[in-house]
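So the structure is just underneath, and the comments pick up after that.
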Amino acid sequence: MLVDNTRKASYKILLSLATMLGAIVWSGVLQGSSFKMAGSRGERFGLLDSTGKSVPINFNSGYRSFVDSVGATLTDSSRSLLAQEILKNDSFFFRNWNTQYVHIPEKSPISASDSVELYLIKESEQFFFNYWGVFFWGYGMRWGRMHRGLDLGLNIGDSVYSSFNGIVRYAQFNSGGYGNCVVIRHFNGIETLYGHLDKLLCEPGDLVLAGELIGLGGTTGRSTGPHLHFETRYRGNSFNPELIIDKNSGNLFSHTYKLSKNEITDPVSASSGSSSSSRYHVVKSGETLSGIARKYGTTVSKLQRLNNISNPNKLRIGQRIKVR
């Protein structure tokens, strides 16, 4: 009888110790940087800032707002965890996400009678424009084919930074002409491309903020000299960066932009169309319809008919005008 009572007491002590030990271990896990638990958005995880303190997780206002508020304070490993969470649960990011193709164009991302409101920066988000004072070439037709971005002069080794907050989708050598190339998908709905880099300093899946280093300038790929080839794209379709960026000041024209169908160019249809008899002109600052007509040996009235232009005095920078 004494033996049984002794055994029962021992079992109670062991059970009590096991319970205490389990509580201590579980508490330690919760305070770590990689715990996971079931939540309304799937698996949750712990984040740490650069001082080692735990960062409260609150996605009620969306991933974009959360990244804007705490992204700069996170450790690299916590940024990686946050990027994985976003890529897993945010449809804008995991839709057509591919790290091996530089472009993933979608057919008709904007209907002919519609437009898309782009909130380029919100709340305390920043914007950074890589510009060293030398502008080589703009967006539009060049040598019989579409040039889909801006060519900005630099010196080999110059730092190149992300323009907006986002996640790196593509970072590798591109044999199609871009050379060492980075593509970042941003929270504002667009992607930016940085081509001809000398060195890549990021990789797919990296969460980067505006103004953070992603590479060094160079002249790799199909390039005649050191420069940055910079593109802006909406769902894989290019549009003129100068629609949203004032290159002279390095600032955005506005925090928002309404992008219409005629301002995007499908990469496939545009390249195949360059060999046809049709020809286009992209409107630049200060140009008039009469000046464009003189340049191509045609008349204002003919350009109006070709482009359904009712008021010849209302042209937009970056607008594509069919001239034949």
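Here the stretch 71-134 and the stretch 203-253 have alpha carbon centers that stand 13 Å from each other. Listed cross-link partners Lys122/Lys247; Lys88/Lys284; Lys199/Lys261; Lys107/Lys258 are compared with a 29 Å cut-off, the Cα-Cα value being larger for Lys88/Lys284; Lys199/Lys261. Taking every protein chain into account, the accessible area of the stretch 79-141 amounts to 59 square angstrom per residue (probe 1.4 Å).
Summing charges over all other residues whose Cβ lies under 13 Å from the Cβ of Ser163, with Lys and Arg as +1 and Asp and Glu as -1, gives -1. Modelled this way, with points 7 Å down the Cα-to-C-beta line, the labels at Thr224 and Ile156 are 1.9 nm from one another. Count Lys and Arg as plus one, Asp and Glu as minus one, and take only other residues whose Cβ is under 13 Å from that of Gly205; the net charge is then 0. Packing order of peptides 178-189, 129-140, highest average first: 178-189, 129-140 (average count of other Cβ atoms within 10 Å over each peptide's residues). The accessible-area ordering, largest first, of the residues Ser77, Ser65 stands as Ser77, Ser65, per a 1.4 angstrom probe.
The values are calculated or read from the model by the stated rules, or taken from the named source; none is laboratory data. Note that the structure is predicted; figures quoted are calculated from it, not measured. With ideal geometry, Cβ positions are generated from the backbone for all residues, glycine too; neighbour counts draw on all protein chains shown. Surface accessibility is based on the protein's heavy atoms, side chains included, excluding ligands, DNA and RNA. Shrake-Rupley method; radii C 1.70, N 1.55, O 1.52, S 1.80 Å.
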